[in-house]
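The values are calculated or read from the model by the stated rules, or taken from the named source; none is laboratory data. Here the structure is a predicted model, which is why all the values come from computation and not from measurement. Here the Cβ positions follow ideal geometry from the backbone for every residue, glycine too, while neighbour counts run over all protein chains shown.
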């Protein structure tokens with residue numbers, strides 16, 4: 001087991017290398033440390049080591065850890081149930097997993113009640129895997145055009161998950177397709193849709209994701225030594 005600091009320095013170095021290879025500024029990539037497997041003390045230690053952004057899969061964990069480390073920026077990266085929307089909206093958290101229309105409506109309703117706007121990423125099922133959540137790539141444009149009526153939602157970007165593989169290169173076509181999709185959609189200039197972020201890449205393939213344009217990489221096991 002390496003120390004947290006060693007792991008973190010290693011990941012940061014790999015991010016810098018991937019950016020250098022693709023002619024990008026390392027500052028353009030935000031590391032979201034996926035803390036779902038670790039306790040609050042470890043999150044606090046990681047925050048002291050300079051991690052500013054953390055991602056959680058479960059609302060309960062997100063709420064608890066955010067209360068304990070309120071200075072950090074929190075990301076909801078797991079599937080969000082509509083009955084948990086009230087616990088997430090208003091926490092300043094970026095939701096990576098808007099994946100269906102009834103969730104968008106629930107977010108809108110809660111945001112209206114609190115008189116605020118909700119920052120989200122639209123989850124796209126680029127690979128078309130049946131077991132994965134997300135809007136199909138060919139349905140993204142009509143979905144975003146309809147979002148215009150849900151004026152409390154700000155779609156800040158797109159998120160995808162590549163099929164699990166030991167070969168990082170296997171993820172490249174998926175990441176490339178999402179980047180190309182964003183480029184096309186940006187030309188549509190849809191109200192409430194900015195698409196400044198691409199959230200893609202995890203421990204096994206984040207370098208490839210960065211080379212293909214990721215702005216947010218979600219890394220857990222490479223930092224926290226957990227599977």
Completion exercise
Being in contact with a helix residue (DSSP H, G or I) (Cβ under 7 Å, 6 or more places away or on another chain) and at pLDDT 95 or above narrows 153, 147 down to just 153
Exercise for the section: Would you please list the contacts, defined by Cβ atoms under 9 Å and residues six or more apart or on different chains, that run from a residue in region 1-18 that is free of Cβ contacts under 8 Å to residues at least 60 places away in the same chain to a residue that is exposed (fewer than 13 other Cβ atoms within 10 Å of the Cβ) and not in a helix (DSSP H, G or I)? Expected result: 12/50
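Being farther than 18 Å from residue 51 by Cα and over 19 Å from the mean Cα position of the chain (by Cα) is the filter here, so list the residues in region 3-23 that pass it.
17, 20, 21, 22, 23
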Practice task
Tally the residues that are in contact (Cβ under 8 Å) with a residue 40 or more places away in the chain and over 18 Å from the mean Cα position of the chain (by Cα), restricting the search to region 185-223.
Solution key: 5
Exercise for the section: Only strands (runs of 3 or more DSSP E) wholly contained in region 149-227 count here; list those with 1 or more residues that are over 20 Å from residue 16 (Cβ atoms). Expected result: 153-159, 193-199
Problem - Single condition residue 37 does not satisfy, out of (1) in contact with a helix residue (DSSP H, G or I) (Cβ under 8 Å, 6 or more places away or on another chain); (2) surrounded by 16 or more Cβ atoms within 10 Å (Cβ to Cβ); (3) in contact (Cβ under 8 Å) with a residue 60 or more places away in the chain - result: (2)
Completion exercise
Here the residues within region 121-144 that are closer than 19 Å to residue 88 by Cα and either touching a helix residue (DSSP H, G or I) at 6+ places or on another chain (Cβ under 7 Å) or in a helix (DSSP H, G or I) (or both) are 122
Completion exercise
Filtering region 90-118 for residues that are farther than 13 Å from residue 80 by Cβ and at pLDDT below 95 leaves a count of 2
